[in-house]
1. Could you list all residues from the stretch 1-21 that are in contact with a helix residue (DSSP H, G or I) (Cβ under 6 Å, 6 or more places away or on another chain) and of a type in the set (A, V, I, L, M, F, W, C)?
2. For a quick check of your reading of the model, give me the residue pairs whose first member lies in the stretch 151-178 and is farther than 15 Å from residue 97 by Cβ and without any contact (Cβ under 8 Å) to a residue 12 or more places away in the chain, whose second is assigned to a strand (DSSP E or B) and hydrophobic (A, V, I, L, M, F, W, C), with beta-carbon atoms closer than 9 Å and at least 6 apart or on different chains.
3. Test residue 36 against the stated conditions and say whether it is in contact (Cβ under 8 Å) with a residue 40 or more places away in the chain and in contact with a Leu (Cβ under 6 Å, 6 or more places away or on another chain).
4. Are any of the residues in the stretch 118-136 open to solvent by 60 Å² or more (accessible area, probe 1.4 Å), basic (Lys, Arg) and in a helix (DSSP H, G or I)?
5. May I ask you to list the residues in the stretch 51-62 that are open to solvent by 30 Å² or more (accessible area, probe 1.4 Å) and in contact (Cβ under 8 Å) with a residue 12 or more places away in the chain?
6. Just checking, how many residues over the stretch 18-32 are open to solvent by 60 Å² or more (accessible area, probe 1.4 Å), under 17 Å from residue 116 (Cα atoms) and not β-branched (Val, Ile, Thr)?
7. Could you identify the single residue in 48, 35 that is at pLDDT below 90, surrounded by 16 or more Cβ atoms within 10 Å (Cβ to Cβ) and not in a loop (DSSP other than H, G, I, E, B)?
8. Between 15, 4, which is surrounded by fewer than 20 Cβ atoms within 10 Å (Cβ to Cβ) and either farther than 28 Å from residue 70 by Cβ or aromatic (Phe, Trp, Tyr) (or both)?
Amino acid sequence: MGAVAIITMLGGAIVAITQTDIKRLLAYSSIAHAGFILAGVIATSKDGVSSVLFYLAGYSFVTIGAFAVVTLVRDAGGEATPPVQVGGLGRRSPLVAAAWFAVFLLAFAGIPLTSGFAGKFAVFKAAADGGAVPLVVIGVISSAIAAFFYIRVIVLMFFSEPKPDGPTVAVPSPMTMLAIGMGVAVTLVLGVAPQYFLDLASQAGVFVR
């Protein structure tokens, strides 16, 4: 199981970094996240179970919100999914297209004050307490690799000049707005006050154990 987790974390991160499409980037990075979740499973402890449940809950909202934002960024050919297409989007549409998307990307990268950081910290702590320290080291390395391509997209959005023929942001439907808004709220709440929800996950973990 440890070998599977290591291959999954490193393989997902390395393949994701080569992608030229945001949707495929998010899809392949989900493989790496599956490896992070396995780290909590390998802990085979109460903390391991609660950390996995917490990670799954946080990651679900982040993923739904991120893909919801991607559907709004469009050019003449439809959805603008190459990362270079979002260059300067933070200046053109800072609220929907960039500010909220940046929250999700920072959560994927595991930056503090997001659910991604709290989830990774929880599963890595559980794995370390369970004696899987080498697995945690590989997980941290994989997280660093993953952070590179998430932050690269953020840099393109905020520090590149908008192209005259660049993509625009479509007006979101009420359901899309709800998905994005809930995603942002959950991502920040779980990142700022994770302990309460970790305790809830620990109580729910009784049914899993």
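The values are calculated or read from the model by the stated rules, or taken from the named source; none is laboratory data. Everything numeric in this text was worked out from a predicted model, so none of it was measured. Positions of Cβ are generated from backbone atoms using ideal geometry, with glycine treated the same way; all protein chains shown enter the neighbour counts. Areas reflect the complete protein model, heavy atoms only, side chains present, ligands, DNA and RNA absent. Shrake-Rupley method; radii C 1.70, N 1.55, O 1.52, S 1.80 Å.
1. Applying the first criterion (in contact with a helix residue (DSSP H, G or I) (Cβ under 6 Å, 6 or more places away or on another chain)) to the stretch 1-21 yields 1-2, 5-6, 8-10, 12-13, 15-17, 19.
Answer for the stretch 1-21, where residues must be in contact with a helix residue (DSSP H, G or I) (Cβ under 6 Å, 6 or more places away or on another chain) and of a type in the set (A, V, I, L, M, F, W, C): 1, 5, 6, 9, 10, 13, 15, 16, 17.
2. none
3. Working: in contact (Cβ under 8 Å) with a residue 40 or more places away in the chain: yes; in contact with a Leu (Cβ under 6 Å, 6 or more places away or on another chain): no.
No; evaluated as a whole, the condition is false for this residue.
4. Keep residues of the stretch 118-136 that are open to solvent by 60 Å² or more (accessible area, probe 1.4 Å), which gives 121, 125, 129, 133-134.
Applying the additional criterion that residues be basic (Lys, Arg) yields 125.
Filter once more, so that each one left must be in a helix (DSSP H, G or I): 125.
Yes, the conditions are met somewhere in the stretch 118-136.
5. Here is the first cut: in the stretch 51-62, the ones open to solvent by 30 Å² or more (accessible area, probe 1.4 Å) are 53, 56-57, 59-61.
If the condition is that a residue be open to solvent by 30 Å² or more (accessible area, probe 1.4 Å) and in contact (Cβ under 8 Å) with a residue 12 or more places away in the chain, then 53, 56, 57, 59, 61 are the ones that fit.
6. Of the residues in that region, 1 qualify.
7. Numbers: 35 fails: at pLDDT below 90.
On inspection, the qualifying residue turns out to be 48.
8. On the way: 15 fails: either farther than 28 Å from residue 70 by Cβ or aromatic (Phe, Trp, Tyr) (or both).
Just a single option satisfies the conditions, and that option is 4.
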